[in-house]
Each structure stands twice: as structure tokens, then as C-alpha cells.
Amino acid sequence: MIDLMSIARTEHDGGDLFNLLAGLFEPADQKPKGYPDAVIWQGGNHKSGLNPVAHSLTDAFALLGTIAAIDVLGLPFYAVPMWAQYRHDMKLAPLAWFGNMDCTSIKWSTAGDAYVNDGQGGRVVVMGKSGNAALRTQAGVYCNVRPYGPITVVRSMPCLPYSQNRAVFDVDAKTGIIHSEMNTPGLQMAYANRLFLKMVNDTGKLGRVAMKPTQAMEDGINAGLHSWLLQGTGFSVGRKYAVDGYVEHREAVDRIINLLPDDFKDGMQNWHGQIEQHISDTNYGLLLWDLIEKRDCIVLATDLDGDRLTDLLADVSDPLRAFSAMVASHLGREVDSQELWREMGYTTGNGRDMTSVMYRMSGPPIYEQTLGSADVMLLRLLEGDEWVGGTKQPYDPRIHFVLIRQAYLDANPGNERLQNFLDEALATFDSIYQGDRPGFLEGYRELKAAVTPWS
């Protein structure tokens, strides 16, 4: 059994967390290419023939939950120290280590405004905030994909439109960067756009594009890339942008196209599907209808709009359920809106079960999840009252097991034995955590006793 409380106290008190954790793991048998000094640990059963997954050891319950889950499961893994104080002290170097691991990875995000020691007796906001932007740059991330209920959002990163300063607007022929206040990288948009079209082709789902090509100059270029990618394919386009971005911005778009691999569109002549092109704002209302009508669709959006759309999806199900209960009450019926939601075939929860997969231009994907209240939950654990006088529930580590399941299945496709093991472990978790949720340490002990580690 790992002394999780000792880890929690050490982190909270600013103690020597690095050496405490280094004592739990072994030095890894490999390091990311180009980073010979990277600190990478490993654990679990590396002799079992499975492809391992890399875990980021970030902060609070993102850290504790990960350590507990990997200990319970016993699957082979790599671990990269990345908590706020350590990545600050190392000037964000761990982000480059983690971002270049040559295996499927899991990145946990917590509060971006954490305070750390500045090394001179003071306190400062951690360098790089949550580290997400720096990690995406280091890892060559071009988009993240967030499935939720019937809707999947493909969010191109870090493509940020809405520049209005025409004096600085241009496309660099050497880098493909769309120069504005935002410096949107056109190459990332091309890769994200191709992945979006592939997903529409492979799944048969409706494809929606969310841009503002007539209002934001970057989106004119982005829409031009989209138009170019559609050429020579079997896609049908219903609603179309009033102006074809490739016709309007051909010279600038071609500068980005010239930087892409020669085989970038190979095979796309055989892709088919239905595409609808909408102004970004329109998609907010459309996605509500898609959610209500259970219409399977995939949405391509730039970074800012993609963030807003996924926030909408994460937040909207609770109000819809509450409204259904209000309507029922008005009609003289009292209903359990959660149960009603399930009976009607809806699968979305309250957003905490929304996952994200970041795709890199080189290397396997990075699974990403945010724990917004992890720091508060940690304080409750340390204060000895996870229930806050009976008004709250203890931390629910289920998302750790869900994300680990997805990442390992992705890293080991077609492994039926692994899938059965992970499904059984998740079922065991649910049996322990059903009803009144156990305290974090109690739940960990029960899981350790009930789950036979991978062998």
C-alpha cells in the first residue's frame, strides 16, 4: 500500500515531493528523443507484453488519483514529474519531456493560477500557468478531439481567429504561420481539417464546420484550407460559406499548402460524407438541437470557438434536465430528472466525464482531462473531513480509471484480454463507489483488495 496521505501532506507543505515519489518508481528504460537528461520513471508490469502509457504527475488529486489508480491496476507505465513547483523550478522542461514521449500519454490539468515558491522566500504564480499552451507547442499538438454524447468537437490548436489588424495580417511562406496578433499556425489547421474529414468519412456522422471567414481574417485562410481539402473528394456540402476561402485567399493558402507533405491528400479521393458550413455562433444553437435530437455529428472549430462549444456541451445537460423537471412539475408530475434523462436515451452527464484527446503531428495522442476542484478536495482530505459536515461527497476518482482504460486500449488495439481486464476493474470500482461514496483512502484500500493487478 502506498502512503497517499504522506504524498498529499508533502505536496501541500512544499516538502521534498520529488524524492518521495522517486522512491516509489524506477528510472525508465527509455527517454524521449532529443532529451537525454529527462527525468522519466516507470512502474507496473513491463514484462507483460503491453505497450505502456505515460502519465503526467501534476497536482493535487490529479497526482494522487493517478498514483492510486496505476498502483491498483499494475499496468506498465511511464511517469513524468510535472507538478506546479517542479515544472516551475525546471523552467517548464518537463513539458517538453512529456510532450515528446513516444507512447500514448495522459495529461492532467488543474488550476492554472497555482502559487509556488520563487526560490527567494516569496510566492509567485507558477510559470506557464497550467502549462497547457507550452505543452501543446512542445508536443506539436494540432488539435484535440472531445466526444460527448452524440457530438464530437475537433478543436484546432492553437488556431485563434478574430484579428482585425490588417496592417500585420499576412502568411509566412517559410513557416505557414498566419501573422496577426494571434499568430495562428496554418499547418495545424490543415492537419486538424484532414482529421475532421477522415472522422466524418470513417464514422458516417454529419460534419459541421464552425468558422467566421467573412469576419475574422485568419478564418478566411482556415476556410480556404478547408475548401482546398474538399477538392477532389466525394464529400457533399449542403450549407456553404458565401465566399469560397480558397478562391478569395488562394495565394496565401498556397503558401501553407506548399509546406505540407506531398502525400498529404493521398486517399482522400475516396472519402465521402455530408458537410455543413456554418458561422461559428450558429453552431451553439445547432448543437443544442443535435444534443436534444441525438444527432450524431462532428464539429470542426478553431481554438477559441472549440473551447466555447465544449464548455457549452459540458454545462448544458444539467439545465436541460432541470428544465424537464420544471415542465413535469408544471403538469403535476414529480420526476427524477436524472432517471428520466437515462430512460429517454441520453448519455451526457455533468461535464466531468468529458474527455479530450490531443493529436500530435508526430507520435501517438495525448489524453487530456481537467480537474477543476482538485485543490479544494485535497484540502478536505488533509483537514480530515472529506464530507464537509455531511454537505459534500468525497473525491470521485472514477475519471482516472475511465481515462486509463481509453488510453491503454488505444495503445494496445485489439487486445481483448486487456479490454476485459479494464472493464472488470471499472465494474469493480462502480460496485465499491455506488451509493454513499467512500473516503479517498478507504476507496483505495478497497480497490487494492478487490482488483488483481495485471500480470
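The values are calculated or read from the model by the stated rules, or taken from the named source; none is laboratory data. As the structure is a prediction and not an experimental result, all values here were calculated from the model. Here Cβ is always computed from backbone atoms with ideal geometry, including for glycine, and neighbour counts include all displayed protein chains. Protein only, heavy atoms only, side chains kept; ligands, DNA and RNA dropped before computing areas. Shrake-Rupley method; radii C 1.70, N 1.55, O 1.52, S 1.80 Å.
By average Cβ neighbour count within 10 Å, what is the ranking of 441-450, 21-30 from highest down?
441-450, 21-30
If you add up the charges near Gln42, with Lys and Arg at +1 and Asp and Glu at -1, over every other residue whose beta carbon is less than 13 angstrom from its beta carbon, what do you get? Mind dumping the intermediate values first?
On the way: positive: Lys31, Lys47; negative: Glu26, Asp29.
Surrounding charge for Gln42 is 0.
When the chain is fully extended, how far beyond the present Cα-Cα distance does Met344 get from Lys392, taking 0.36 nm per residue of separation?
14.4 nm
Using the Cα centre as the reference, give the magnitude of the dipole from point charges on the C-beta atoms of the chain (Lys, Arg: +1; Asp, Glu: -1; all else neutral), rounded to the nearest 20 debye.
720
log₁₀ I(q)/I(0) of the range 170-210 at q = 0.23, 0.26, 0.35 Å⁻¹, via Debye over equal Cα point scatterers, no solvent, to two decimals?
-0.74, -0.82, -1.11
When the helices in the chain are scored as -39500 (n - 2.57) per DSSP H run of 4 or longer and the sum is shared across all residues, what 222 nm value do you end up with, to the nearest 500 deg cm²/dmol? Each step should come with its number before you reach the end.
Numbers: 17 runs with 196 residues, N = 455.
Per the formula, -13000 deg cm²/dmol.
Assuming a ≥ b ≥ c are the square roots of the Cα gyration tensor eigenvalues, decide whether the range 48-201 counts as rounded (a/c under 1.5), prolate (otherwise, with a/b larger than b/c) or oblate.
It is oblate, given that a/c is not under 1.5 and a/b is not larger than b/c.
Could you state the principal axis extents of the C-alpha atoms in the range 264-384, from the largest down, to the nearest angstrom?
The Cα atoms of the range 264-384 stretch 58, 46, 25 Å along their principal axes.
Cβ neighbours within 10 Å, averaged per peptide: list 275-281, 247-253, 288-294, 258-264 in order, most packed at the top.
For the peptides 275-281, 247-253, 288-294, 258-264, the packing ranking is 275-281, 247-253, 288-294, 258-264.
If you count, for each residue, the other Cβ atoms within 10 Å and average over each peptide, how do 100-109, 213-222 line up from highest to lowest?
213-222, 100-109
Quick one, could you list the DSSP H helices from the chain stretching 27 Å or more along their long axis (Cα atoms) with average Kyte-Doolittle hydropathy of -0.5 or above?
TM-like helix candidates: 303-330.
Could you pull out every one of the aspartates and glutamates with an alpha carbon less than 12 Å from that of Lys31, ignoring same-chain neighbours closer than 8 positions?
Asp102
Residues of the range 304-320 with amide nitrogen under 20 Å from the 7 Å Cα-to-Cβ point of Met326?
312-320
Per the Kirkwood definition applied to all pairs of different Cα atoms, how many angstroms is the hydrodynamic radius of the range 1-119?
Its Kirkwood hydrodynamic radius stands at 14.6 Å.
Could you provide, to the nearest whole Å², the per residue accessible area of the chain with probe 1.4 Å?
Values: 20440 Å² over 455 residues.
With the other protein chains kept in place, the chain gives 45 Å² per residue.
Give, in whole angstrom and from largest to smallest, the semi-axes √(5λ) of the equivalent ellipsoid of the range 204-250, with λ running over the eigenvalues of the Cα gyration tensor. Don't skip to the answer; put the middle values down first.
Values: eigenvalues 67, 31, 15 Å².
Listed largest to smallest, the semi-axes of the range 204-250 are 18, 13, 9 Å.
In square nanometres, what is one fourth of the surface area of the convex hull spanned by the alpha carbons of the chain?
Projected area, direction-averaged: 24.9 nm².
Report the far tail of the P(r) of the range 302-366, meaning the percent of Cα-Cα pairs longer than 18 Å.
Tail of P(r) above 18 Å: 52 percent of Cα pairs.
Just to be sure I understand the model, the point goes 7 Å from the Cα along the line to the Cβ. What's the resulting Thr137 to Asp262 distance in nm?
Label at Thr137, label at Asp262, 3.3 nm between them.
May I ask which residue of Leu63, Pro150, Ser105 lies farthest towards the positive end of the charge dipole of the range 56-153, with charges of +1 (Lys, Arg) and -1 (Asp, Glu) on Cβ and the Cα centre as origin?
Toward the positive end, the furthest listed residue is Pro150.
Out of the total accessible area of the chain (probe 1.4 Å, heavy atoms of protein only), what percent is carbon and sulfur?
That fraction is 49 percent.
Using only the Cα atoms of the range 266-334, build the gyration tensor, take square roots of its eigenvalues as a ≥ b ≥ c, and label the shape rounded, prolate or oblate: rounded if a/c is under 1.5, else prolate if a/b is larger than b/c, else oblate.
Prolate, because a/c is 1.5 or more and a/b exceeds b/c.
In terms of the Cα gyration tensor, with a ≥ b ≥ c the square roots of its eigenvalues, is the range 147-298 rounded because a/c is under 1.5, prolate because a/b exceeds b/c, or oblate?
oblate
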